Amino acid sequence: MAEQRKKIVRASNAATSKAKNSTGTASSTAEATPTWSASPEAKAQATKLRWIAAALWVVAIAGEAFAIFWLLRQDPFTTALLITLIALIVVIGALAVGGALLWKKANDLDPASRKEPVRFWVQNQLGVIIAIIAFLPLIILIFTNKNMDGKQKAIAGSIGVVVAVAAALLSADWNPPSVEQYSEEQNIIQQLTGQDEVYWTKSGSVFHVCEAVPDVNKESADGQIYVGTVAEAHAEGKDRLTKKWESEATKHCGYTQEQVDAVKAGLEAPADDTTGDDAEVDSEDGDDQAPADDTGDDAEQQD
């Protein structure tokens, strides 16, 4: 085991503090592989975040309506009106992105299931849909407006396109969480260790099997390792369990290869099928032959 120098801090997330009590008990045998479900606290916080996101989106679309039904109808269309239109475009973009970020945070707390593909896609990419609704009609009407001259159309339209594209890209969830992913991660940890407890660092993007792994013990500004449930790790912005969990378990956490093999045998389906994105090359974690690649996940350069 690696020498422990950093302080271990228990994660305290009110929305997920009882998550492990809401998912059933995982067994170390292959017969029991429970499905993860969000705790009532997590669901309540997710609902709150979604309502706030919806409110921001409503204001953004209201700003678009104001621009379409009043601002673009002014004749003559003066420079002052052009400046107002540009400012409004920027505000609409900020509101759209702000709502999307809150919506994605809610999805981390209460993700959708891949077994419902339409709902899964809509729930995770709703921010992109809203960005399109908030900008596409406005941009079209700017370029076809009869009260603006060519220069005004070019300026306002170009800014509108740039802000719209930026808002859509920032609103997209490129690696959306799922119930299946959370279930597999929790089952791995519970079957291996007997409890729902993982470790991560503040600036890392993944969580780990135990506090002894080198990646969480690298020097950092806050000098802390955080410990909590799988749900708490995701609520803190950690994308997933490190793909090196097998080598971590045997090389640093005191588990045998037989125990790891038993956990793998107990999974209902391969990780590639349940998590969707795990088949991709993991540029952050690397593979078991090059454990140093995981430094990109957990090197804490700043708090």
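Listed values, structure above:
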quantity	calculated
Hits in region 242-276 (condition: under 20 Å from PRO34 (Cβ atoms), out of contact with any Ser or Thr (no Cβ under 9 Å at 6 or more places or on another chain) and at pLDDT 90 or above)	TRP245
Enumeration of residues in region 114-125 that are more than 15 Å from the chain's Cα centre (by Cα) and in contact (Cβ under 8 Å) with a residue 24 or more places away in the chain	ARG114, LYS115
Every residue from region 96-127 that is in contact with a Phe, Trp or Tyr (Cβ under 7 Å, 6 or more places away or on another chain) and either closer than 17 Å to LYS43 by Cβ or not charged (D, E, K, R) (or both)	ALA96, GLY99, PRO111, ALA112, SER113, LEU126, GLY127
Residue list for region 82-136, filter: of a type outside the set (D, E, K, R), part of a helix (DSSP H, G or I) and touching a His at 6+ places or on another chain (Cβ under 9 Å)	LEU109
Helices (runs of 4 or more DSSP H) wholly inside region 163-273 that include at least 2 residues being more than 16 Å from the chain's Cα centre (by Cα) and either surrounded by fewer than 17 Cβ atoms within 10 Å (Cβ to Cβ) or touching a residue at least 40 places away in the same chain (Cβ under 8 Å) (or both)	179-193, 245-251, 257-266
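Here is a yes/no grid of residues against (1) surrounded by fewer than 18 Cβ atoms within 10 Å (Cβ to Cβ); (2) over 31 Å from the mean Cα position of the chain (by Cα):
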position	(1), (2)
PHE66	yes, yes
TRP70	yes, yes
ALA94	yes, no
LEU101	yes, no
ALA106	no, no
GLY127	no, no
ILE132	yes, no
PHE135	no, no
GLY160	no, no
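The values are calculated or read from the model by the stated rules, or taken from the named source; none is laboratory data. Because the structure is predicted, anything quoted here is derived from the model rather than measured. In this analysis, Cβ positions are derived from the backbone assuming ideal geometry, glycine residues included, and neighbour counts consider all displayed protein chains.
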